[in-house]
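Note sheet for the following structure.
A short reminder: the numbers here are calculations on the coordinates, not readings from a lab. Worth saying up front: this structure is predicted, and the values here are computed from it rather than measured. Here the Cβ is made from the backbone with ideal geometry for all residues, glycine too, and neighbour counts use every protein chain on show.
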C-alpha cells in the first residue's frame, strides 16, 4: 500500500475521534478543526516513523493529546502576555466571554453550565485533565489510557481518582459563590 493511500485510510478511520478529542480540549469548533488539520499534518509527516510498537489508534491518540496540550500551553502564554501588556497600557483585561465556548450539540441554555464544567476541568493539572477526558468523555479504558499516556495502569487510576476529587472541589467551591 503506498503512503498516500495508507494516510487516507488513517485519516478516514480516525478523523472523527481526533476532532472530538480536540473539541474536548479547546471547546471551540473552529479551533478544533484547525487542531485536527495540524494533527493530521503531523501524522502524515511522521507516518514513516510509526514502528507498530503500539496500536495505530494509540499512536494517533498520543499525537493528538500532545498537540492539544501544546495548543493549551500556547493559549496560556498568549493570555499571560495579554495580561502583562494590559498592566502596562492600563487597559482592562477582557474577561472570558461565553460566546467563545462553541461546542456543537450543546443547547444554548446548557452552554453556561457546560462552559463552567470545562473551565474547571481546564484548571486541573494536565495529566489529570487528560485522564478525565480520555476516560469519561472519549470512553477509553484505563489500559488504553496508560498506553496513550505511556504511564502505568496504577498511575492512571491514581490520576483519575485525584482528578475527580480536584474537579469536585473546584465545582463545589464555584457553587458557593
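Sketch the reach of a paramagnetic label on residue 20 as a point 7 Å from Cα along Cα-to-Cβ, and name the residues of region 35-53 whose backbone nitrogen lies under 19 Å away. Those under the cut-off are 35-37, 39-40. From the alpha carbon centroid of region 17-53 to that of region 118-177 is 20 Å. So how much slack lies between residue 47 and residue 162, counting 0.36 nm per residue of separation and subtracting their Cα-Cα distance, in nm? Separation in residues times 0.36 nm, less the Cα-Cα distance, equals 37.9 nm. When each of the peptides 148-156, 47-55 is scored by the mean number of other C-beta atoms lying within 10 Å of its residues, the order from highest to lowest reads 148-156, 47-55. Remark: spin-label model distance residue 4-residue 169 equals 5.5 nm, labels positioned 7 Å along the Cα→Cβ axis. Fully extending the segment from residue 137 to residue 114 would add 7.0 nm, taking 0.36 nm per residue of separation and subtracting the current Cα-Cα distance. With an 8 Å Cα cut-off and a minimum separation of 6 or more residues, compute the relative contact order for region 123-177 in percent. Value for region 123-177: 40 percent.
Annotation: peptides 23-33, 157-167, ranked by per-residue average of other Cβ atoms within 10 Å with the highest first, follow the order 23-33, 157-167.
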